[in-house]
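Just below is one structure, and these are the notes that go with it.
The values are calculated or read from the model by the stated rules, or taken from the named source; none is laboratory data. Keep in mind that this is a model prediction, so the values were computed, not measured. All Cβ positions, even for glycine, are placed from backbone atoms using ideal geometry, and neighbour counts span all protein chains on display.
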Amino acid sequence: MGCVFLEFAIWLLHGPEAIEGFANAKGAGKLSTNPSTPLYEVTNKAAKTARVHQLVSWTIEGLRTNPQCQRGTALAALLDLIKNQMLQPEVDKRPAAGIVCSELEAIIQEAQKDPSYLLPSCDANDRPSLDFDSFYSGPYQDNRTSNLPSTSVTVRQQ
């Protein structure tokens, strides 16, 4: 569910072209033979540990640079929910649907009190681009360890 919410946030802020860029960057675009590339990376097969994919962390940090996603906005709260709760490699650590609904309801209630919380105005020129082509040409070109925080967890086989 976190994957869907993340892609929705990408689409909302950057449009359908960014969704295609995200899919291509994770290896699941039109040219891929694997449309369901996971948003996590296995860090140790023997220990069954994984972490959120570096592309996901990079994308969320890129979305956070958008003025509409700054602290104190609905989109910042949504990105926090996605990153901190929904995108957990360990299934048991993901929130139940009821908890996600409660968190979304809290965002809605805050927006009803303060409409600018929902989607603050932003000059189109102030919106940073989300250039997925630069993901692998930047610090991730060799799948090196990211400077972004990521946590390894044990993943149970289902």
Exclusive hit being buried (at least 16 other Cβ atoms within 10 Å of the Cβ) and modelled with pLDDT of 85 or more, set GLY29, GLY21: GLY21
GLN54 vs. criteria out of contact with any His (no Cβ under 7 Å at 6 or more places or on another chain) and closer than 19 Å to ALA23 by Cβ: yes
Identity of the residue in region 90-133, assigned to a loop (DSSP other than H, G, I, E, B) and basic (Lys, Arg), that ends up modelled with the lowest pLDDT: ARG127
Residue tally, condition at pLDDT 80 or above and at positive phi, over region 33-63: 0
Residue satisfying all of: in region 63-98; surrounded by fewer than 20 Cβ atoms within 10 Å (Cβ to Cβ) and among the charged types (D, E, K, R); nearest to TRP11 (Cα to Cα) among these: ARG64
